[in-house]
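S.K.: My structure is below; once you've seen it, I'll send some questions.
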Amino acid sequence: MPLAGGEGSVNPWFSWDYITANLDSILEALRAHVILTAQTMVVAIIVAIPLAILGYWVRPLASPILGVSAVLYTIPSLALFAFLAPFTGIGSITVLIGLVLYALLLIIRNTLVGLQQVPKDVLEAADGMGYGRWGKLLRVELPLALPGIITGIRLATVSTVALVTVGVIVGNGGLGELIDSGLHNGNNRAQITTGILLCVALGLVLDLLLALVGRLITPWARKGV
């Protein structure tokens, strides 16, 4: 649907008139983008961290897990969404599945590295204190691996924010809807720029928030302990 706005016959790259005239539509696209990003990260974390733990516990599985997730990550997003659409339909489910598959590698790899970098003397001390496999994982290994896990989540989140826009080809692209509509609406530069700037700003804000969360929950890391 064509959106209001513009400055006479001029086609500026940025326009406050466009923003004020279409604020509701812009906020709705931003809201959809945030929701889809959040859903993707929740599902990806739930899937990726157990896979990383499995690869950490069963070392022969680490390479296949990383290899499969790496292969999925290299599939072009347009091709992946086009492949999924006949099976999952047009809409948010297709986009969500694709985005989760892309997020897995970054979280798995960084979680696995974080677990593998836990000092051996710490693990020996945990064994000496009588911790079993699960107790050692939950009380020692995962807490010490948190900086790496947070790094993976940050990278996956920023990547997801960018990839959500491609979801416009299957009916749910968040801010990508603004960009795509601008391209098909007489090359509305202000609309295209607004979508791009909001996408970049969202990625930066989420990355900063996750960095802050990481500092709050890992005080020992920033103290160099």
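Rule-based calculations on the coordinates, nothing more; no lab input. Predicted, not measured: the structure shown is a model, and the values here were computed from it. Positions of Cβ are backbone-derived with ideal geometry, glycine not excepted, and every protein chain shown enters the neighbour counts.
S.K.: Per Stokes-Einstein, at 4 °C and 1.567 mPa s, what whole-number D in µm² s⁻¹ belongs to the stretch 101-171, with the Kirkwood radius over Cα pairs as the hydrodynamic radius? Don't skip to the answer; put the middle values down first.
M.R.: Details: Rh = 13.7 Å.
The calculation lands on 94 µm²/s.
S.K.: Output ³J(HN,Hα) for the stretch 175-192: one whole-Hz value per residue in order, computed from phi by the Karplus curve 6.51 cos²θ - 1.76 cosθ + 1.60 with θ = phi - 60°, and x for Gly and Pro.
M.R.: Result, ordered by residue: 5, x, 4, 5, 5, 5, 5, x, 5, 9, 10, x, 6, 5, 4, 4, 5, 5 Hz.
S.K.: Ignoring chymotrypsin sites (Phe, Trp or Tyr not before Pro) that are buried or in helix or strand per DSSP, and keeping those with at most 15 other beta carbon atoms within 10 Å, what is the longest stretch of the chain between them?
M.R.: Values: sites that count: W13, F14.
Excluding the exposed sites themselves, the longest stretch runs over 15-225.
S.K.: Which value, in debye to the nearest 20, describes the size of the charge dipole of the chain about its Cα centre when Lys and Arg Cβ atoms bear +1, Asp and Glu Cβ atoms bear -1, and nothing else is charged?
M.R.: Numbers: 12 positive and 11 negative charges, 176 e Å.
Here the chain has a charge dipole of around 840 debye.
S.K.: Also: Going from the alpha-carbon gyration tensor of the stretch 123-215, what semi-axes, largest first and in whole Å, does one get by taking the root of 5 times each eigenvalue? Display every interim value, and only then the final one.
M.R.: Numbers: eigenvalues 388, 33, 8 Å².
Semi-axes (√(5λ), whole Å): 44, 13, 6.
S.K.: What percentages make up the Cα-Cα pair-distance distribution of the stretch 16-218 when the bins are 10 Å wide from 0?
M.R.: Going from the shortest bin to the longest, the percentages are 9, 30, 29, 18, 9, 3, 1, 0.
S.K.: For the chain, what relative contact order do you get, as a whole percent, if you take Cα pairs closer than 8 Å and at least 6 residues apart? If you can, show how the numbers build up before the last one.
M.R.: Details: 277 pairs, mean separation 59.0, N = 225.
Over the chain, the number comes to 26 percent.
S.K.: Once phi is turned into θ = phi - 60°, what whole-Hz ³J(HN,Hα) does the Karplus curve with 6.51, -1.76 and 1.60 give for every residue of the stretch 47-64, x standing for Gly and Pro?
M.R.: Per residue, the Karplus-derived 3J(HN,Hα) values read 7, 6, 5, x, 5, 5, 5, 4, x, 6, 6, 10, 3, x, 7, 4, 5, x Hz.
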